[in-house]
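What follows is a set of notes on a single structure, which appears directly below.
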Amino acid sequence: MNISTDIGVWVGALFAIAIYSILYKDNLAYSVVESIFIGATTGHAIVVGVQTFKSTAWTPLVGGKLLFVVPLIFGALLYTRYFPSVSWLNRWPLALMMGTSAGVAMRGAIESQVVAQVSATFVNLLDINKFLIFLGTVLSLTYFFLTFQIKGKASLLPKIGRYFMMAAFGAAFGNTVMGRISAAIGRFQFIFVKWLGLGS
């Protein structure tokens, strides 16, 4: 066994063990590491925010691009919510941000979730895999015909569509679990191999 002498490896390994200790019960080690993680993340976010402000707003403004004073004013208005007498002013930049975000998100959603998916569905149906994708898409859509009830033999179509959706949800859930297990395996390899030197 060849234990690592790298202080960074020791800190990482001990922090990982402290985080996993919550699986037993809530304890001081977990709380301390959790607080350190949240504090470090917050500090990093603040530094990145300040650097972004300097590079995208302040530097161009002092460089002569006076139009950048407009977003600075709107940004400052967001903080008026902390002052009750003028808190209504924060609605202006908030409405601008929400409207712009909604427009960009709507366009992206239509392109990626509607146009791209419809285009990907209508492909060479002679391939069995592509045919199953097409069939699963169409039958899943029949499940959401809520304006009228499908009766007779055709009522079997929404049920088959539900099975396709359950298979897709199960595959997505399994993929999520597999990703979490892979992350845990990576941590255990770090602890046992890189820190403790077992199996190296």
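Read the figures in this text as sums done on the coordinates, not as results from a lab. This one's a predicted model, so the numbers in the text were calculated from it and none came from an experiment. Every residue, glycine as well, gets a Cβ built from its backbone with ideal geometry; the counts of neighbours run over all protein chains shown.
Give a quick list of trypsin sites (Lys or Arg not before Pro) in the range 19-79 that DSSP marks as loop, anything other than H, G, I, E or B, with at most 16 other Cβ atoms within 10 Å. Walk me through the intermediate numbers first.
Numbers: sites: K25, K54, K65; in loops: K25, K65.
Here the sparse-neighbourhood loop sites are K25, K65.
Cα to Cα, under 21 Å, and not fewer than 8 places away if on the same chain: which lysines meet these conditions relative to K65?
Here the lysines satisfying the reach criterion relative to K65 are K54.
Taking the alpha-carbon distance from K151 and a cut-off under 13 Å, which aspartates and glutamates remain once sequence neighbours fewer than 8 residues away in the same chain are dropped?
none
Once the piece of chain linking L196 and A172 is laid out straight, how much longer is it, given 0.36 nm per residue of separation minus the C-alpha distance between them?
Full extension of this stretch gives 5.2 nm more.
Can you sort L196, L139 by how many other beta carbons sit within 10 Å, fewest first? Don't jump to the answer; show the numbers that get you there.
On the way: L196 16, L139 19.
If I rank by nearby Cβ atoms, fewest first, I get L196, L139.
Running a GNM on the chain with Cα contacts under 10 Å, which residue among G152, G103, G179 ends up with the highest mean-square fluctuation?
Greatest mean-square fluctuation among the candidates belongs to G152.
Given the C-alpha centroids of the range 133-200 and the range 22-37, what is the distance between them in whole angstrom?
If you average the Cα positions of each part, the centres end up 32 Å apart.
Each label point is 7 Å from the Cα along the Cα-to-Cβ direction; what then is the distance between the points at I73 and D127, in nm?
5.5
Taking the alpha-carbon distance from K130 and a cut-off under 25 Å, which lysines remain once sequence neighbours fewer than 8 residues away in the same chain are dropped?
K159
In the chain, which whole DSSP H runs stretch at least 24 Å along their own axis (Cα) and average 1.0 or higher on the Kyte-Doolittle scale?
Working: long enough: 28-53 (37 Å, 1.27); 91-109 (26 Å, 0.55); 156-189 (49 Å, 0.65).
In the chain, the long hydrophobic H runs are 28-53.
For Cα extents along the principal axes in Å, the choices are [x] 45, 41, 28; [y] 65, 63, 35; [z] 46, 46, 31; which was calculated from the structure?
Step by step, Cα extents along the principal axes in Å for this structure corresponds to label [y].
Which longest uninterrupted range of the chain lacks any chymotrypsin sites (Phe, Trp or Tyr not before Pro) assigned by DSSP to a loop state (not H, G, I, E or B) and surrounded by at most 12 other Cβ atoms within 10 Å?
On the way: sites that count: Y24, F122, F144, F145, F148.
In short, 25-121.
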